[in-house]
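Notes to accompany the following structure.
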Amino acid sequence: MNVPDDLLYAETHEWIKRERENVRVGITDHAQSELTDVVYVELPKKDRQANAKEAIAVVESVKAASDIYAPVKGTVVEANKALESNPALLNTDPFGEGWIFVLKIDNADDLKQLKDAAAYRKQIG
Amino acid sequence: MSESAQKRTPLYDEHVRRGGKMIPFGGWLMPVQYNSIVEELRVVRNNVGMFDISHMGQLIVDGRSAREWLNKMLTNNIDKPDVGSGQYTFLLNEHAGIIDDLIGYRIGEEKFLLVVNASRTDEDFAWLDRHRSHDVDLRNRSAEFGGVAIQGPRVVDLFHRLLGDDVDLPARNQIVDFKLERMSLTIARTGYTGEDGVEVFFSASDAPKFWNLVLEKGERFGIKPCGLGARDTLRLEMCYPLNGSDLSPERNPIEAGLGSFVDLTKPDFIGREVLLRTKKDGPREKLVPFRMKDKGPPPRPHYLVFDNGERVGEVTSGTLSPSLNWGVGMAYVSTPHAKIGSKIDIEIRGQKFPATIEKKPLYKKS
């Protein structure tokens, strides 16, 4: 299972990429392989404020709906509109074209709560 | 229930070996999928797929008055099938609530095989045993049997290769015994997918051998093992009900739109009085299929149904149909709102999405 070294991870299987004062968020390769066949993504609205661990997006497979959580406190600055017409990007390119939203973070120190690649690899075994 | 308390079918190791994702279902650990629900669904619609149904229950009813007694226990008329055929039927409680939906096969003049839902096997047996007539023998033989459903348009080709070109499969709803490499197979032409297919039962100890033989012989026909996820999606596209979701002890067969499997001309069966009343007065709610008007989030069980802002029902099954590439489902809707073509709204995470009540089945083979 692909777990890139340069990303941070949440226990709920989101990956987090630092981009200056923002973070880009998606779901991990492990998460997409557990879900399989993503058929619908409900994106968060721009300017939405969220607390850490608040559900702000929904990813639906044929079988079930799963919440996606804000990894840290912040404000949504962008959501990946491409997923509306092509939700399968989450399966085919989870760390690239399949990103879900960009969050402007309130406090960069909050990122210290997240896991590094080694810790996430350990979590998924 | 913890994973370790779940039962394993005789094919458990085969599923794990082939990468099946195991989940608890009706007290059993079953594969929900191998690689992809959508891929497995397409295999069944286009070629042929195989499902483990060893978790399903087998009850044998035998004895001088087996037929007469079963006709009092079940809704359909068990006098109708000849020896070697079966019928879909219901086991009801006194309020006409559905305990189980099942297929009853007549395997002798006064001998029947009831194939019942995994999660209801013990309850069905207890209910039947409690009402048992003294000259009827009832046995729960579920643990002795393994079973598979082999479904898809290439099933006949596959069985010619398996049993020989001169061997014909039984006709629809018929059941026949075969021998294959010292295995005793009971093959019924039935299924839960809307495709041509069979359900095959055999001794639990033969299960891995039969499973692997079918996969080997079926390779040239594109066979794949398929999980419960594909099975659930296939049946929903056909509007076949799932007990525990669309059927329950709080619902009767007329509300579920399955009155054709109830013979009200029979003089006496459990639930008959209530059903006569439901038929006369009309059911308060009806189970209807629906299709979402626009692309959007798929409907799911327990979402609420509205008509012009008024709450009129609840979804019992829903998904994105891979065959139609569209959100579909079934819902109990109050009868005045449950007409084919009626516009309804499905509430999904606080927002209403338009849908239309459709005719059965939702998926028609082109």
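The values are calculated or read from the model by the stated rules, or taken from the named source; none is laboratory data. Just so you know, these numbers come straight off a predicted model, no measurement behind them. Glycine gets a Cβ as well: all are built from the backbone with ideal geometry, and neighbour counts include every protein chain shown. Side chains included, ligands, DNA and RNA excluded: accessible areas come from the protein's heavy atoms. Shrake-Rupley method; radii C 1.70, N 1.55, O 1.52, S 1.80 Å.
Right, B:Asp52: at pLDDT 95 or above, within 19 Å of the chain's Cα centre (by Cα) and within 29 Å of B:Val274 (Cα to Cα) or not? So B:Asp52 fails the test.
Just one of (1) assigned to a strand (DSSP E or B); (2) touching a residue at least 40 places away in the same chain (Cβ under 8 Å) fails for A:Leu90. It is (1).
Among the residues of this structure, B:Ile340 counts as one that is away from chain A (no Cβ under 11 Å) and assigned to a loop (DSSP other than H, G, I, E, B). Of everything in region B:308-333 that is open to solvent by 30 Å² or more (accessible area, probe 1.4 Å) and either aliphatic (A, V, I, L, M) or not in a loop (DSSP other than H, G, I, E, B) (or both), the residue that is farthest from the other protein chains (Cβ to nearest Cβ) is B:Glu310.
The residues of region A:43-86 that are exposed (fewer than 14 other Cβ atoms within 10 Å of the Cβ) and at positive phi amount to a single one, A:Asp47.
Within region B:35-59, the set of residues being within 14 Å of chain A (Cβ to nearest Cβ) and touching a Pro at 6+ places or on another chain (Cβ under 6 Å) comprises B:Val38, B:Leu41.
When region B:82-96 is filtered for residues that are out of contact with any strand residue (DSSP E or B) (no Cβ under 8 Å at 6 or more places or on another chain) and either surrounded by fewer than 17 Cβ atoms within 10 Å (Cβ to Cβ) or charged (D, E, K, R) (or both), the ones remaining, listed by number, are B:Glu94, B:His95.
Of all the listed residues (B:Lys295, B:Lys339), the sole one being open to solvent by 40 Å² or more (accessible area, probe 1.4 Å) and closer than 30 Å to A:Lys81 by Cβ is B:Lys295.
When region B:154-186 is filtered for residues that are in contact (Cβ under 8 Å) with a residue 40 or more places away in the chain and either more than 19 Å from the chain's Cα centre (by Cα) or not assigned by TED's automatic domain parsing to the domain that holds B:Asn117 (or both), the ones remaining, listed by number, are B:Arg154, B:Val156, B:Asp157, B:Leu158, B:Arg161, B:Leu162, B:Pro170, B:Val176. Looking at region B:112-119, is at least one residue of a type outside the set (Gly, Ala, Ser), farther than 22 Å from B:Leu242 by Cα and in a strand (DSSP E or B)? For region B:112-119, residues of a type outside the set (Gly, Ala, Ser), farther than 22 Å from B:Leu242 by Cα and in a strand (DSSP E or B): present. B:Cys226 meets all of the listed conditions (1) farther than 21 Å from B:Pro361 by Cβ; (2) within 14 Å of chain A (Cβ to nearest Cβ); (3) crowded, with 22+ Cβ neighbours inside 10 Å but one, namely (1). For region B:152-210, the tally of residues that are within 28 Å of B:Ser323 (Cα to Cα) and among the charged types (D, E, K, R) stands at 7. Where helices (runs of 4 or more DSSP H) fall entirely within region B:1-106, those with at least 1 residues that are under 13 Å from B:Gly227 (Cα atoms) are at B:12-17, B:37-46. Looking only at region B:169-205, which residues are part of a loop (DSSP other than H, G, I, E, B), open to solvent by less than 20 Å² (accessible area, probe 1.4 Å) and over 20 Å from B:Val116 (Cα atoms)? Result: B:Pro170, B:Glu195. Consider region A:22-69 and keep the residues that are at pLDDT 95 or above and of a type in the set (Asp, Glu). The one that is farthest from A:Glu84 (Cα to Cα) is A:Glu54. The listed residues are B:Lys224, B:Lys179, and the only one of them that is under 26 Å from B:Ala143 (Cβ atoms) and in contact with a strand residue (DSSP E or B) (Cβ under 9 Å, 6 or more places away or on another chain) turns out to be B:Lys179. Against the test of being touching a strand residue (DSSP E or B) at 6+ places or on another chain (Cβ under 7 Å) and either β-branched (Val, Ile, Thr) or on the phi > 0 side of the Ramachandran plot (or both), the options B:Val136, B:Val156 yield a single qualifying residue, B:Val136.
Tell me the residue from A:Val76, A:Val59 that is of a type in the set (Val, Ile, Thr) and touching a Ser or Thr at 6+ places or on another chain (Cβ under 7 Å), please. Checking each option against the conditions leaves just A:Val59. Filter region A:33-71 down to the residues that are part of a loop (DSSP other than H, G, I, E, B), farther than 16 Å from A:Trp99 by Cβ and more than 10 Å from every other protein chain (Cβ to nearest Cβ) and list them by number. A:Lys45, A:Asp47, A:Arg48, A:Asn51, A:Ala52, A:Lys53, A:Glu54, listed by residue number. Note on region B:330-366: residues that are on the phi > 0 side of the Ramachandran plot and in contact (Cβ under 8 Å) with a residue 40 or more places away in the chain total 1. All of A:Arg20, A:Arg24 fail the test of being touching a residue at least 40 places away in the same chain (Cβ under 8 Å), open to solvent by 10 Å² or more (accessible area, probe 1.4 Å) and more than 14 Å from chain B (Cβ to nearest Cβ), apart from A:Arg24. Answer yes or no as to whether B:Glu237 is of a type in the set (D, E, K, R), in the same structural domain as B:Ile107 (by TED's automatic domain parsing) and without any contact (Cβ under 8 Å) to a residue 24 or more places away in the chain. The answer is no for B:Glu237.
The set of residues in region B:268-304 that are out of contact with any helix residue (DSSP H, G or I) (no Cβ under 8 Å at 6 or more places or on another chain), more than 14 Å from chain A (Cβ to nearest Cβ), not small (Gly, Ala, Ser) and not in a helix (DSSP H, G or I) comprises B:Leu287, B:Val288, B:Pro289, B:Phe290, B:Arg291, B:Lys293, B:Leu304.
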